[in-house]
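The values are calculated or read from the model by the stated rules, or taken from the named source; none is laboratory data. The model shown is predicted, which means the values in this text are computed figures rather than measured ones. FYI the Cβ positions are ideal-geometry reconstructions off the backbone, even for glycines, and counts take in every protein chain you see. The accessibility values were calculated without ligands, DNA or RNA, using every heavy atom of the protein model including side chains. Shrake-Rupley method; radii C 1.70, N 1.55, O 1.52, S 1.80 Å.
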Amino acid sequence: MPGGIAFEFPQLYFTAFWVTIQLSILGLLSALIIGTVVAVMRVSPFAPLRWIGAAYVEFFRNTPLVVQLFFLFLGLPLVGFRFSTDTFEHIFRGAAIGMGLYHGAYVAEVVRGGLLGVDRGQIEAARSLGLSYPQMLLYVQLPQTFRSVIPPLANIGIALVKNTSLASTIGVTELLFAAEIVESRTFRAQEAFIAAALLYLALTIPLGIAVNALERRMLVVR
């Protein structure tokens, strides 16, 4: 049956599946936090913050994720910085941070669009009530922004799950890496990579369903 080879190498495939899940969760959480902070910087009334936010977005959106991963894995140790003394922990943390930094740039643009889309009248009403700029962001703009940007954020999340496959280039034992090992042992390339594809679908399809349900709930709340 399609994907049956995964049960011939369960420890390899399902350990890699768990690594992919961890990488996806950590990367997505990091991307949401980083992206939100950068988006706030980009709409800030302070010009230096806007410049820093814009530079971050332009850099990470216009350089390949693979290059960024190799810099975190190989470049930082050259200047004396490692995420861990353990090599495997170092490459895993580097991959998770790389996922967060790269996708955080896309999250920032989505959140920035949502912030700019908040009705101007509500912002003026918040100011007339005496709310400070941080309070206005926290209580007025950000809650409305996140309700309106669920679909594009979901697309970024799904893309992030698929992009975890690039972590194999620096030696992280995720699903693609596992499939490559199985293929090299068995020469059954089609079966090995179909199994990996099905396991990726086991992550992305439920994520899409969950996001659609959340979006419908938000529409009801509105």
If Ile209, Ile194 are ordered by their accessible area, calculated over protein heavy atoms with a 1.4 Å probe, which sequence runs from highest to lowest? Ile209, Ile194
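Summing Lys, Arg as +1 and Asp, Glu as -1, what charge do residues with Cβ under 12 Å from the Cβ of Ser44 carry, Ser44 excluded?
Spelling it out: positives minus negatives among the neighbours equals +3.
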Could you sort Trp51, Trp18 by accessible area so the largest value comes first, with the probe set to 1.4 Å? Trp51, Trp18
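Evaluate the relative contact order of the chain (contact order divided by residue number), counting alpha-carbon pairs under 8 angstrom at least 6 apart; express in whole percent.
On the way: 251 pairs, mean separation 67.7, N = 222.
Computed over the chain, the figure is 30 percent.
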The rounded separation in angstrom of the Cα centers of the stretch 68-118 and the stretch 25-53 is 14
Considering only protein heavy atoms, what is the solvent-accessible area of Phe81 at a probe of 1.4 Å, reported in Å² to the nearest 10? 100
In Å, the Kirkwood hydrodynamic radius from C-alpha pairs for the chain sits at 19.2
Given the stretch 1-133, what whole percent of its Cα pairs are spread farther than 23 Å? 51
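Mean shadow of the stretch 1-50, computed from the convex hull of its alpha carbons, in nm²?
4.9
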